[in-house]
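Participant: For reference, the structure I am asking about is given below.
None of the figures in this text is laboratory data; all of them are computed from the coordinates on show. Keep in mind that this is a model prediction, so the values were computed, not measured. Cβ placement follows ideal geometry from the backbone for every residue including glycine, while neighbour counts extend to all protein chains displayed.
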Amino acid sequence: HYKIDVTPPSVQIVVPAPDGHDDWHRTPTNISILSADSGSGVDTVRYRLNAGAWQDGDAFTLDEGIHEIEVRIVDIAGNESLARQTVSVDLSAPLSTFTSHLDGDIVAGMLTLSGKTVDTVSGTKSVEISADGGTTWAALSVDSSGRWSYAWNAYALPNGDYALLVRGEDVAGNPEAALSLTLTVQNSPPYLDLKPGRWLASESGTLEVQERGISLAQIFLVFRDPAGHYPQKKVELRPVPMRGLVTWDRRFGDGSVAPWGEYEVMAVACDIYRNCANAMSIISVPFYTLA
């Protein structure tokens, strides 16, 4: 009797359903090979990855990467079947870095934050940033190399430490744990100039105040006795950029009149975020001055 087998074996590459986006797998992926031959029977089951060396076996696990799987089944009669399939595995989230600033940098005013988010397997799909510690997030525009930038108005913030967070997600759906950058905002106080440094009570000084990117909230003068014999007198001025004369009627907070001697006048200007500047001059009351 002669046995004739001219039918190639059947072959199937069994791949689990993708657990990521866009047909990507996000976990190590177990592959199995199913083969059968109803004639002479299966002789060899071999596979190779990415045109590498052929290996014997009907099961293997794929780690990260884009894998070109080739399977070759030969039955005892020598009939051959081939199968091919591509399986993509991305186990890692994107990696973000800030390129414009370092942790702990001191900043002020309007600034541009920049950085880069890279994913070398499936690629970066999206990047977002939070300027309020993670309460709200804003999407960033990312170029082909993963670079992005963000305009941050530190003028609109009280001075202090702020944590900025950035996070990406790759095409496979791997989310990145937020990267934190802490910056210290130190906006300049208003410009304030009080001169001269000393004048007579019968004369006047000059006060100039200008805002530095942040609106003014308060300007005031304090007339005081360095010896502490009289309660100080505080005079509120209009909180707008200004230039004007400073005069003193020699009266303190309780209405008493300053005798001869030297007294202090301090000018204070604060913006709406309590950044304050101050300057001081001496006002002299000569001993021959009448009350």
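Participant: Taking a cut-off of 29 Å between Cα atoms, list the lysines near residue 234, but don't count ones fewer than 8 places away on the same chain.
Facilitator: Qualifying lysines at Cα under 29 Å: 195.
Participant: I've got another one for you. To the nearest 0.05, what FRET efficiency results for residue 282 and residue 220 with a Förster distance of 22 Å applied to their C-beta separation?
Facilitator: Once rounded, the FRET efficiency stands at 0.75.
Participant: Now for a separate question. Just checking my list [x] 17.3, 51; [y] 38.7, 144; [z] 39.1, 140 against Rg and Dmax of the Cα atoms in Å computed from this structure; which label fits?
Facilitator: [y]
Participant: Here's a follow-up. Please tell me the relative contact order of the chain in percent, rounded to the nearest whole number, where contacts are Cα pairs under 8 Å and at least six residues apart. Write out the running numbers ahead of the final one.
Facilitator: On the way: 745 pairs, mean separation 38.4, N = 291.
Contact order relative to length: 13 percent.
Participant: Let me ask something additional. Convert 25 °C to kelvin, take the viscosity as 0.890 mPa s, use the Kirkwood radius over C-alpha pairs of the stretch 145-206 as Rh, and evaluate the Stokes-Einstein diffusion coefficient in µm²/s, rounded to a whole number.
Facilitator: Calculated translational D: 147 µm²/s.
Participant: What does the extension gain come out to for residue 10 and residue 238, with contour length at 0.36 nm per residue minus their alpha carbon separation?
Facilitator: Numbers: separation 228, 0.36 × 228 = 82.08 nm, distance 9.08 nm.
Taking 0.36 nm per residue and subtracting the Cα distance, the gain is 73.0 nm.
Participant: Taking the Cα centre of the chain as the origin, how large is its charge dipole in debye, to the nearest 20, when only Lys and Arg (+1) and Asp and Glu (-1) carry charge on their Cβ atoms?
Facilitator: Numbers: 21 positive and 36 negative charges, 367 e Å.
The dipole of the chain has a size of about 1760 debye.
Participant: Now a separate question. Can you spot the lysines whose alpha carbon is less than 21 Å from residue 116's alpha carbon? Ignore those fewer than 8 places along the same chain.
Facilitator: Leaving aside lysines fewer than 8 places away in the same chain, those within reach of residue 116 are 125.
Participant: Moving on. Give the separation of the Cα centroids, the stretch 73-152 to the stretch 4-47, in Å.
Facilitator: 33
Participant: Let me ask another. Percent relative contact order of the stretch 187-261, based on C-alpha pairs within less than 8 angstrom and at least six residues apart? Please list the in-between numbers first.
Facilitator: Values: 119 pairs, mean separation 22.3, N = 75.
Dividing the mean separation by the residue count of the stretch 187-261 yields 30 percent.
Participant: I've got another one for you. Once you have all Cα-Cα distances for the stretch 1-80, histogram them in 10 Å bins from zero and send the whole-percent values.
Facilitator: Bins of 10 Å from zero give 18, 42, 25, 12, 3, 1 percent of pairs.
Participant: Using 0.36 nm times the number of residues separating residue 97 and residue 135, minus their current alpha carbon distance, what extension gain do you get?
Facilitator: 11.6 nm is the gain from fully extending residue 97 to residue 135.
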